[in-house]
Structures are given as C-alpha cells and as structure tokens.
Amino acid sequence: MKLNNISVKYGDKTVYDNFSLEIPKGITCILGASGCGKTTLLNVIARALPFSGKVDAQSVSYIFQSPTLIPSMTVEKNVEYVLKEQIKDKKKRKKIVFDILDKVGLEKEKKNFPGELSGGMAQRVALARAFCYPSDCLLMDEPFKGLDVTLKKNILSLFLSLYRQNNRDVVFVTHDIDEAILLADNIFVLTNNAVLGTFNCNIPQEERTVTSLSDIKEQIYALL
Amino acid sequence: MERFFTLWQEKNFYNSLFLTIGRTFLCFVLSFAFGIVLAVVANMSKPCEKFLSPIVSVLRAAPTVAVIYILYAFMPAKKMAIVVGFLIGFPILYSQFVTALSEVDKNLVTMAKIYKVPILRRIFGIYVPSILPTVFDASRATLSLTLKVVIAAEILTLVPLSLGGKIQSAYSSFEIAYLLAWTLLAIVVSFVLEIMVSVIKKAVVRWK
C-alpha cells in the first residue's frame, strides 16, 4: 500500500505535509508518541477525513479504540449491518455472520444488545465485524488499549487466529512497544510528518516473546 | 369525586373531551414535525442553527397568557388554542431534538462511512435509534404541557365544546364540585397520555 504526498490540516495546524509512505504486506505497526498523527494516518487510509494526496488502498475495515457498536442492534445485526451492501444474498450473509460469531465464541450472545456485553465481548464483536467485511486491508486504532492483561492476551490470540484464517494486510497504531513487537511484521516509528525508523520482525508471532525481541525494543526506545 | 364519576353523563361530555384531546394531538403533531425537520436542518447547517436559535429563545421566553391574549385579537378561539399549543410545544421539542442529534456518537457515523453504509441506512440504523429515547422523553413531557396550554387557551377564550370551556362555565356559575371534577379529568387525561408514550417507548426502545 502506498501513501503519496499526503497533506492533512486541522484548522491552522498542519499534521502531515507531503508525507509519503510505502506500507509492506503483512501486519504493520505504526508506533509513536501521543499526538504524532498515528490515528490521523489511519483515517487518511480509511478516507475518513479530508486530505490531499493519494492513497492506493481500495476497501478497508476498521477497528476503533472502543468497540463502536450500534447500541440499538443485537450482536448479529451489528455484524450484518456492514455487510448488507457487499453481500446482497441474505442467506449467504447470515451464514458469514454466524460463522464469524462462532469463531469469536459469541454464537450464544448473537441476540444480545451491546449494553449486555462485557468489554472483552464487545471488542470481539468489533473484531468479527472487521474480519467478515470483504476488505483488502484491516486498520486498527489502538484496539487493545484499556483491556486488562488476561483479556488483552485472549483478544491478541483471537486476533492472530482470525488473521491467519482471513489473511489480509493489517495496519495498526499503538504506543505500546510490547504490543508492536509481539504482533507486527514491520514497525514504523513515527514522529511529526516523518518516519524515524523502520524495524522488521522475522520471527513468527507464536514464537515471539518480549525478551526474544529485546534488541528491537531497545532500539525503538532509543528513537522515542 | 361523585361529580367526577358522573361527568360522562353530562351533555356534550365526549365532544368536549375528544375535541380538546384532538386539539392537543394536532398541536403536538405540528410541534413535533416542525421540531424534527428544523432540528435536522440546524444539525446540518450552522448558519441555520444560529438563525433559529434566537427565534426559539423568544418563543420559549414568551409568557403563555400574554401570547393567548395577543393571538386572540387575530384569530378565532378554536384555532388560537392550537396555535398557542404549537408555540409552546415547538421550542421545547426543537431544542431537545437539536441536543439529541448533536449527541449522536460520531465514531458510529465514521464507522458506517468507512464500511460504505449508504446514507439512508445510516439515518435509520444510527441517527434514528440514537435520538429515539430523547424523542419519547421529550414527547411525553411536551404532550402533557401542550394539553395544559390548550386547556388554558380554551378557558381564556371561552371555547364552548372543550375541557377548558367546561372548566370556565363551572367557574362562572360557582359550581366548585364541577370545577374540581373537570380539573381532575384534565389531570387524568394528561396522566393517560404520559403512560401511553411510556408504553410505546418501552416497546420500541428495547435496548435500554
């Protein structure tokens, strides 16, 4: 995926000015301090805000920091909501929804409203919705933020399992270095309008530990 | 209390009761329709919101009885009760709808945009359910208030076939028992209207 000459302004503040980046295939992490424009970059790729320049991503799915579920719709309807335009055949659509809910372990909760779910369940619905949407690229904006350690571990492993079954490019932003090195194939350390460094993690995700990649972690720390 | 339970035997009881309820509903429907349409316009356009804001503030601040007397000079009593009810109900509903629309979760709207959900499905899937609880709560309060204002207008302008007219004639002839019975009936009608809206809300807003 290529971003060419991207410029973004919020009022008088310029966030990006002729910024270009080539994002490789696989799982890519955009790492950086708060306010450096990580979420803005995701929103540019998703075309969710006005910008100038060129982005060659076609269709994307998106996981927000919060699950962003429609409170008035059941779990099943929330997932189906984004598919109606893409998959016109109702039977086929329902099957996709039931399959993905089964994969994330929420088939029993399909008739529940978001208000009846725990935080972890709601985030699993958001994962299900993003993975069943037929996109070329999945964007995630700090999707594991605010989850407790056990829940985070479960959601991370669920994410990797879904990723392997529904292979597509993933771009996610975080300011958690451990999260970045455990998940990403490539890490871009971002500062205002520039890439400070690029790192590649060749070890398969299931074999990775924070200590096995401690050298990358130290290099990232040195940059931030 | 005895008078209250025998009120239905009165001449023109049902005509008076249902004409007042009809006027109340008409006021409410007009207030609701104008309120929701103009709130959507205000939500979409800041200049429109700025234009409407002082008008709504003036309507909200205008003393009800003064409005009744001013309008009485220009139109027949029956129509006037409806216009007064509208002028009181509209600013309340409009303000509530504007607030509800401004509080729609922007992330949900962005999510729908990213997933290429068409605009109509965004309106009925996100905007309408988001404002529904406020719509029902505002409607419940405004319906009771509109009934009170319509009755007040009927009393002051001596509308013959109306709850207000009956209260006025009971007052004129110093029949306190009748006066209390008709007043109690107005309270009961208001209470029933509120319950009706609450029941519909409970059936529709199932996710709360």
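The values are calculated or read from the model by the stated rules, or taken from the named source; none is laboratory data. From a predicted model like this one, the values you see are computed outputs, not experimental measurements. Cβ coordinates were reconstructed from backbone atoms using ideal geometry, including for glycine residues, and neighbour counts include every protein chain displayed. The accessibility values were calculated without ligands, DNA or RNA, using every heavy atom of the protein model including side chains. Shrake-Rupley method; radii C 1.70, N 1.55, O 1.52, S 1.80 Å.
The charge dipole of the range A:69-134, taken about its Cα centre with unit charges on the Cβ atoms of Lys, Arg (+1), Asp and Glu (-1) only, comes to about 300 debye. If you sort A:Tyr10, B:Tyr94 by accessible surface, 1.4 Å probe, largest first, the order is A:Tyr10, B:Tyr94.
Taken as entire DSSP H runs, the helices of chain B that both span 18 Å or more between Cα atoms along their own long axis and average 1.6 or more on the Kyte-Doolittle scale are B:13-44, B:176-204. Within the full protein context, the accessible area of B:Lys201 is estimated at about 50 Å² for a probe radius of 1.4 Å. Comparing A:Ile23, A:Ile177, A:Ile203, which has the greatest mean-square fluctuation in the GNM of chain A with Cα pairs linked when under 10 Å apart? Per the Cα network of chain A with a 10 Å cutoff, A:Ile203 tops the list. For A:Ile27, the residues whose amide H sits under 5 Å from its own are A:Val170, A:Asp185, A:Asn186, ignoring neighbours fewer than 5 places away on the same chain, with H placed 1.01 Å from N.
Using a cutoff of 8 angstrom between alpha carbon atoms and counting only pairs six or more residues apart, the relative contact order for the range B:46-201 works out to 25 percent.
GNM on chain B, alpha-carbon springs under 10 angstrom: the most fluctuating residue among B:Lys78, B:Lys148, B:Lys116 is B:Lys116. Measuring heavy-atom accessible area with a 1.4 angstrom probe and counting protein chains only, the residues of the range B:92-122 that give up at least 20 Å² relative to the chain alone are B:Asn107, B:Leu108, B:Thr110, B:Met111, B:Lys113, B:Ile114, B:Tyr115, B:Lys116, B:Val117, B:Pro118, B:Arg121. Using the Cβ-Cβ distance between A:Lys111 and B:Ile187 with R0 set to 41 Å, the FRET efficiency from 1/(1 + (r/R0)^6) comes to roughly 0.50.
Explain nothing, just the number: relative contact order of the range A:69-134, from Cα pairs under 8 Å at least 6 residues apart, as a whole percent. Relative contact order here is 49 percent. Among the lysines of the range A:69-134, pairs at least eight places apart or on separate chains and with Cα atoms under 13 Å apart come to 11.
Expressed as a whole percent, the accessible area of the range B:10-73 that falls on carbon and sulfur atoms is 75 (1.4 Å probe).
Once you list every other residue whose beta carbon is under 15 Å from the beta carbon of B:Arg206, what net charge do they have if Lys and Arg are +1 and Asp and Glu are -1? Mind dumping the intermediate values first?
Details: positive: A:Lys77, A:Lys111, B:Lys201, B:Lys202, B:Lys208; negative: A:Glu76, A:Glu116.
Charge balance in the 15 Å sphere: +3.
3J(HN,Hα) couplings calculated from phi for the range A:86-94 with the Karplus curve 6.51 cos²θ - 1.76 cosθ + 1.60 (θ = phi - 60°) are, in sequence order, 7, 10, 6, 6, 4, 4, 4, 5, 4 Hz; Gly and Pro show x. Build a GNM of chain B with springs between Cα atoms under 10 Å apart, and of B:Phe18, B:Phe32, B:Phe97 the one that fluctuates most is B:Phe18.
Just the number, please: buried accessible area between B and A, total of both chains, 1.4 angstrom probe, nearest 100 square angstrom.
On the way: alone 12170 and 11080 Å², together 21410 Å².
The summed interface area works out to 1800 Å².
Probe of 1.4 angstrom, ligands and nucleic acids ignored: what's the accessible area per residue over chain A, in square angstrom?
Solvent-accessible surface per residue comes out at 46 Å².
Measuring with a 1.4 angstrom probe and ignoring ligands and nucleic acids, B:Arg122 comes out at about 50 Å² accessible. Under a 5 Å amide H cut-off, with hydrogens placed 1.01 Å from N, A:Tyr16 pairs with A:Val8 among residues at least 5 apart or on other chains. At an R0 of 41 angstrom, the distance between the Cβ atoms of B:Val58 and A:Asn18 translates into a FRET efficiency of 0.20. When only Cα pairs below 8 angstrom with a gap of at least 6 residues are kept, chain A shows a relative contact order of 28 percent. In plain terms, the chain from B:Val29 to B:Ser169 could stretch by 47.5 nm, reckoned as 0.36 nm per residue minus the Cα-Cα distance.
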